[in-house]
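Note sheet for the following structure.
Values quoted throughout were computed directly from the atomic coordinates according to the rules given, and no laboratory measurement underlies them. Values in this document were obtained by computation on a predicted structure and should not be read as measured data. Heads up, the Cβs are rebuilt from the backbone with ideal geometry, glycines too, and the neighbour counts pull from every protein chain shown.
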Amino acid sequence: MGIAERKEREKGERERRIVSAARMLAERDGWASVTVRRLAQEIEYSQPVLYAHFENRDAIVGAVALEGFGELGPALRASVQPSATPSEAMKSVAIAYLEFAFERPALYEAMFILPTGLRFAKSDTPQVLRDTFGAMLAVITPFRDDAELATETLWAALHGLAELERHGRIRAAFREQRVTQIVAMFSA
């Protein structure tokens, strides 16, 4: 292994440590506690080292969000049983999306609430974002000619439900009934 390969490997390891520390701090203490200074202390690097890897805190949050999309897309796909009807598949994906939001609140916040610079539906959209969107698109396509628009609308509806429930604005006891109504609307 040459020096260049070793340096590249070490750079990747440092970036993984930074992202892992950011995620851990956010899960434990909330995103307000995740500052470049605190991350530097946590992983025992200087702040300039962190800035050599990430332009700013938003870029670190974006790296955490990319990890989250790498987990959400497969979770959505895995939620669909091979024998599921199209309506059952959509319901499974919707429930899996909401469960992800509630089980990983800090990660979900990085993915969908905090500034990251990540954008969907652009020429430079990372593949992991496209794959996650594709997992939702796959369950809408059997019902809709306007599948991409309908998928964006389904996603917005699920995000709204997740945020309203996470903040106590709607009753958690009726989550499944809401999902059933959403599936009925999109599959009509």
Could you go through the stretch 99-109 and let me know if any residue there is out of contact with any Ser or Thr (no Cβ under 9 Å at 6 or more places or on another chain), surrounded by 18 or more Cβ atoms within 10 Å (Cβ to Cβ) and of a type in the set (Phe, Trp, Tyr).
yes
Considering only residues that are under 13 Å from residue 112 (Cβ atoms) and among the aliphatic types (A, V, I, L, M), look in the stretch 158-188 and name the one that is surrounded by the most Cβ atoms within 10 Å (Cβ to Cβ).
158
Residue count, the stretch 52-76 (criterion: surrounded by fewer than 17 Cβ atoms within 10 Å (Cβ to Cβ) and either touching a His at 6+ places or on another chain (Cβ under 6 Å) or within 23 Å of residue 182 (Cβ to Cβ) (or both)):
2
Tally of residues being under 16 Å from residue 88 (Cβ atoms) and in contact (Cβ under 8 Å) with a residue 24 or more places away in the chain across the stretch 173-183:
5
Which listed residue, of 80, 61, is within 23 Å of residue 98 (Cα to Cα) and more than 18 Å from the chain's Cα centre (by Cα)
80
Heads up, the helices (runs of 4 or more DSSP H) in the stretch 94-188 (entirely inside) with at least 3 residues that are farther than 23 Å from residue 19 by Cβ are 127-140, 147-166, 175-187
For residues that are among the polar types (S, T, N, Q) and surrounded by fewer than 21 Cβ atoms within 10 Å (Cβ to Cβ), scanning just the stretch 110-133, find the one that is nearest to residue 35 (Cα to Cα).
116
Over the stretch 17-53, the set of residues within 20 Å of residue 104 (Cα to Cα), charged (D, E, K, R) and without any contact (Cβ under 8 Å) to a residue 12 or more places away in the chain is 28, 29
Any residue in the stretch 159-172 that's more than 17 Å from residue 93 (Cα to Cα): show its pairings with residues that are in a loop (DSSP other than H, G, I, E, B) at Cβ separation under 7 Å, as long as the two are six or more apart or on different chains.
164/170
